[in-house]
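Q: Here it is, the structure, as structure tokens.
The values are calculated or read from the model by the stated rules, or taken from the named source; none is laboratory data. This is a predicted model, so every value here is computed, not measured. Quick reminder, even Gly has a Cβ in these numbers, built from the backbone with ideal geometry, and neighbours come from all protein chains shown.
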Amino acid sequence: MAPAETTIIKVRYLMVIVLLLALVFLFLPHETRAEAAHSLAPVQMQVQKGDQVMIRGFQGSVEYQVSEASNVIRVEVAEDASKTSEKYKDEWQFSFKREGSEVQVRIEGPASKQVWAEVLAEKNQPEFFIKVTGPSLPVHINWNEGKIEIHNLLNSLNVTSIKSDVIVSKGQGDLSVTNQEGSVIVRDRKGQVKVDSYLAKVRIENVEGKIDLQNFTGESRVENVTGDVHFNTFKGASHLTSVKGRIEFKNGIAPLRIEKFEGELRGRSGQGAVYADVRGVADVRVESAEGAVNLKMNSSGAWVNLGTAEGTLAVPGFLKLTRLSSQQIRSGRLRGSSGGSVFVRTTSGDIRLR
């Protein structure tokens, strides 16, 4: 066999071996970051009357698992410092202690401002994965970035974060979430819900209680809520469906869509269009500058008063037309069965009623 042919065979043989090794590696089970992390020994503490839980940290994840049969708080912690420089690893410490009625689960960071500046510049903080198991005590979580999950908590909950994916489901009690980026999901819960965000994607569904939602730029969805909704947004598209109660909104330049609504509707919009599907007895008062206002009111017999300075009116022809020096108004009673009242004013936004 010629030397050239021998070389070609060897090269092909090596390529086959490399390919087989790659396939073996591909189908091997891969550890998640939490599984690859170093686990610390679990710790626990007896619960006392009036206790509340405070969880503080930086990156990773937090899970609070409710165990109503237990009077003990148990904490499991895993640390992944694989991306942290050796010189900084000792700067991070896990702490579990009591201060009065406050049970504290904490990740302590660098004490020096200079070290903090270097860590933030290099973006090499360790990640901690915390799992807390205990009864339904009031819980406060202050966590910079990661994933936060709480299910079945029958008490108040306060979450503050910069950029996390927050999931709260079931249970009851007042809930407050401040999360500037990431996402917030609240579902199947009873009690007041307050969410404050700049850019997070927010979803609230199947809730009984008052909703207070502020989301400057992020997308918001509210569905199947029994209770008043106070809503404030500027740039994020918003969709509210099947709300029974009072909706009070302040909208900027983004579209706002309200469907299957029963109750009292109050609000103002800037450039953003407002679409509202109002059912039952109407109680509507909406003002808009440039944004259009579209109302769907099937079978409504409400008294309506619709006026615009510079926009157009696409409304039933039998409504009375009144022309003033500054605006045109169409008014009268609709020819359906359910009553109520509707008042709409715009500067240049069009008004449509169907």
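Q: Can you pull out the residues in region 265-289 that are in contact (Cβ under 8 Å) with a residue 60 or more places away in the chain, under 17 Å from G336 (Cα atoms) and in contact with a Gly (Cβ under 6 Å, 6 or more places away or on another chain)?
A: A282
Q: Right, another one. Could you grab me the full set of residues in region 290-304 that are buried (at least 17 other Cβ atoms within 10 Å of the Cβ) and either in contact with a Gly (Cβ under 9 Å, 6 or more places away or on another chain) or aromatic (F, W, Y) (or both)?
A: Listed by number, the residues that qualify are E290, G291, A292, V293, M297, S300, A302, V304.
Q: Quick one: would you say K89 is among the charged types (D, E, K, R), under 16 Å from F58 (Cα atoms) and in contact (Cβ under 8 Å) with a residue 40 or more places away in the chain?
A: No.
Q: Any chance region 71-84 includes a residue that's touching a residue at least 24 places away in the same chain (Cβ under 8 Å), among the hydroxyl-bearing types (S, T, Y), part of a strand (DSSP E or B) and crowded, with 16+ Cβ neighbours inside 10 Å?
A: Looking through region 71-84, none of the residues is touching a residue at least 24 places away in the same chain (Cβ under 8 Å), among the hydroxyl-bearing types (S, T, Y), part of a strand (DSSP E or B) and crowded, with 16+ Cβ neighbours inside 10 Å.
Q: So the check is Cβ under 9 Å with 6+ separation or different chains; which pairs have a first residue in region 50-69 that's farther than 26 Å from N124 by Cβ and a second one that's aromatic (F, W, Y)?
A: Listed by first residue and then by second, the contacts come to V53/Y64.
Q: Report, by residue number, each residue of region 116-125 that is without any contact (Cβ under 8 Å) to a residue 60 or more places away in the chain and closer than 20 Å to S95 by Cα.
A: W116
Q: Every residue in region 143-155 that is among the polar types (S, T, N, Q) and over 13 Å from Y64 (Cα atoms), please.
A: The answer is N144, and nothing else.
Q: On to the next question. Determine which member of the set L213, L199 is in a loop (DSSP other than H, G, I, E, B), within 12 Å of the chain's Cα centre (by Cα) and touching a residue at least 12 places away in the same chain (Cβ under 8 Å).
A: L199
Q: Continuing with the same structure: Suppose we filter region 128-150 for residues that are over 12 Å from I73 (Cβ atoms) and not in a strand (DSSP E or B); how many remain?
A: 1
Q: Just checking, does region 119-127 include any residue being β-branched (V, I, T), modelled with pLDDT of 95 or more and outside any loop (DSSP other than H, G, I, E, B)?
A: No, region 119-127 contains no residue that is β-branched (V, I, T), modelled with pLDDT of 95 or more and outside any loop (DSSP other than H, G, I, E, B).
Q: Follow-up question, since we're still on this one. Kindly indicate the residue of region 74-94 that is farther than 18 Å from W116 by Cβ and among the small types (G, A, S) and also modelled with the lowest pLDDT among those meeting that condition.
A: S82
Q: Of the residues that make up region 151-158, is at least one modelled with pLDDT of 95 or more, in contact with a Lys or Arg (Cβ under 8 Å, 6 or more places away or on another chain) and in a strand (DSSP E or B)?
A: yes
Q: Just give me the residues in region 307-341 being under 16 Å from L295 (Cα atoms), of a type outside the set (D, E, K, R) and not in a strand (DSSP E or B), in sequence order.
A: Scanning region 307-341 gives G311, T312, V315, P316, G317, L319, L334, G336, G339.
Q: Now, a different point. Go through region 319-351 and report how many residues are among the basic types (K, R) and crowded, with 18+ Cβ neighbours inside 10 Å.
A: 2
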